[in-house]
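Report on the following structure.
The values are calculated or read from the model by the stated rules, or taken from the named source; none is laboratory data. Everything numeric in this text was worked out from a predicted model, so none of it was measured. Virtual Cβ from ideal backbone geometry, glycine too; neighbours counted across all protein chains shown. To get the accessible areas, we keep the full protein, side chains included, count just its heavy atoms, and leave off ligands, DNA and RNA. Shrake-Rupley method; radii C 1.70, N 1.55, O 1.52, S 1.80 Å.
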Amino acid sequence: MANGDQSPASGDQQRPHPLANLLNDAKAGKIKVRMDLEQFVYIDRDCQTFLNNIEQIQNIMDEVSQQENWGLGEHTLVDGKELISGKTLVKRFREKARGKDDKNDNSVYAVMESHKQVVRDIQEMYRTIRKQITDQDADAAARYRHLEETLPKQPPANPPPLALPCKP
């Protein structure tokens, strides 16, 4: 792939790679797979779809963490005093959506960031293996480029909706 053979951004290299051993083995040529070249195309596309979905979730969590009005009494004054429980609950919801540390806290955003790294590692591992195959065989390289350009996109799996409607 023209853009698919790039290594992760420099910021990603600072985070631990959950699949570091597999990546190193793939780069060293120690991993052997039996796959049709078209499966490499589909794995790469599926990983990209998954990364896009993770980013959508992260964007939603970022919006949730910045939401001003929650309707939980966070701006309520009772006899001139603030309703502390409302402010506390809103603070906890915001932190659970996206905390202060996107890489180490237990927010949804941070958990999705760790999932994103796993998917990137899987994608990089298969790209490395595919590149080794196509670097050694010009016919395979030509077939791969042709498949990449001509294979129809598979429809994505139907994920459950992010929000389910409430029953009355």
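The table for this structure:
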read-out	value
Summed residue charge, Cβ within 14 Å of residue 136's Cβ, Lys/Arg positive, Asp/Glu negative	+1
Gain in span if fully extended, residue 95 to residue 24, counting 0.36 nm per residue against the direct Cα distance	22.0 nm
Accessible area (Å², 1.4 Å probe, nearest 10) - residue 65	20 Å²
Candidate residues 98, 92, 145: accessible-area rank, largest first, probe 1.4 Å	92, 145, 98
Rounded accessible area of residue 128 (nearest 10 Å², 1.4 Å probe)	30 Å²
Two-site label geometry, residue 49 and residue 118: point separation in nm, points 7 Å out along Cα→Cβ	1.9 nm
